[in-house]
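Input: a single structure, listed below in structure tokens.
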Amino acid sequence: MSARTLRASQHNIPQSRTEPSSSPAHAPAELPAPSSWESALPPSEHPDTVPPELQSALEKFRLAGMLGEGTRVRLFRPIRGPRRLRLPKRSPGDVGVRVLLSRDGRTGYARRLNQVSLADLVHSHPMRDFSRRRAQSNKPVAFFSRTVGDMIACESQHERRFALIADWHSSVAFIAAQPFTIDFPAGNDIDSHTPDFALITTSGTVVVVDVKWPSHAVDPDTVRRHELIERTLARAGMQHAVWTGAPMSLTQNLANFAAARVPEHKMRELEPKLLAAHRPGRTVSQVLEDAADTCQVPWLEGLVVVRRMLWDHRLTVDMAVPFTVDSELFRS
């Protein structure tokens, strides 16, 4: 492999995807802060270690998506008016930190920090409605996640870029957008905090991510806020990380690969032929031409399958530059 090739491992992005019940997400523990969100994720070489509660919650989630509407994004709330989500009020004398969640996008419920389960996160609806207006600097969007099998709500294109990278990460089993609100009692530096994403890994680890622009992430008030959130989440056994961006070529290429929709029967038919046509040093175009000559693989169909294989980590390319048919292909 050439030194310039940015493989999945060089981006701390392992390879392979696997598929949470009402037990706490993790036993409370003081966890060290990860240097980046990827460093908090475990390696994915052992997909058979998926916790049973995670497997159960994901199966129930996917069944509910098949039987219901399946879309958890509310993008067009009126600019003014009452909030749709009704949250439980704090009881008199309650001075503990609460975690507020919703399973239907209309009513909320409260958990203590050590009571939040993987199932709570898998079945959570976004805690915020997203309005759109002309003068708005960040426009909310939604995109279909292959990991989740549903739409993921993002409050900006910056958030969407992170969600796309997380969707490609083979150690991520689930992505929840605005999954909960941390409700602090009176006397704390902040009243509440709603993180942008919670990632559940294939081993059941929960990594909570806030997406910020680099200039905002180093603001002293933001740093103090995130330090408090980090300490609070550690009590629930969750990691916290702040993501500030990635090379544009990486997210543009991933968007290209994610858009490659290929029926599974077609993947089973064409993937082995394209892998057989691959040789070290060959470009996408050369592989497609060889597959067309020797195996009668239509060139354009082959190109879509190659893009899908890049998304599935079956092949890799230099992610530091835009993907083209002249990109050199590498076996994963």
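Read the figures in this text as sums done on the coordinates, not as results from a lab. Just so it is clear, the model here is predicted, and its values are computed rather than measured. Glycine gets a Cβ as well: all are built from the backbone with ideal geometry, and neighbour counts include every protein chain shown.
Show log10 I(q)/I(0) for segment 290-332 at q = 0.15, 0.17, 0.21, 0.27 Å⁻¹, two decimals, from a solvent-free Debye sum over equal Cα scatterers.
Normalising to I(0) and taking log10 leaves -0.38, -0.48, -0.72, -1.05.
With label points built 7 Å along Cα→Cβ from the Cα atoms of R103 and R282, find their separation and express it in nm.
Between R103 and R282, the label points sit 5.1 nm apart.
Quick one: divide the alpha-carbon radius of gyration of segment 228-332 by 2.2 N^0.38 Å and tell me what you get.
Values: Rg = 18.0 Å, N = 105, 2.2 N^0.38 = 12.9 Å.
Working it through for segment 228-332, the quotient is 1.40.
Counting only other residues whose beta carbon sits under 12 Å from that of P88, what net charge do I get with K and R as +1, D and E as -1? Each step should come with its number before you reach the end.
Working: positive: R86, K89, R90, R98, R111; negative: D94, D183.
So the environment of P88 carries a net charge of +3.
For an R0 of 41 angstrom, estimate the FRET efficiency from the Cβ-Cβ distance between D94 and T222 and round to the nearest 0.05. Could you put the intermediate results ahead of the total?
Working: r = 28 Å, r/R0 = 0.68.
The formula returns an efficiency of 0.90 here.
Report the Cα centroid-to-centroid distance between segment 270-332 and segment 112-182 in angstrom, as an integer.
32 Å
What do you get when you divide the Cα radius of gyration of segment 90-193 by 2.2 N^0.38 Å, with N the number of residues? Don't skip to the end; give the middle numbers.
Values: Rg = 15.5 Å, N = 104, 2.2 N^0.38 = 12.8 Å.
Relative to the rule-of-thumb radius for its length, segment 90-193 sits at 1.21.
Can you tell me which of 295-305, 202-212 comes out highest on packing, and rank the rest after it, using the mean Cβ neighbours within 10 Å? List each step's numbers first, then the result.
On the way: 295-305: 16.0, 202-212: 22.6.
Answer by packing, highest mean first, reads 202-212, 295-305.
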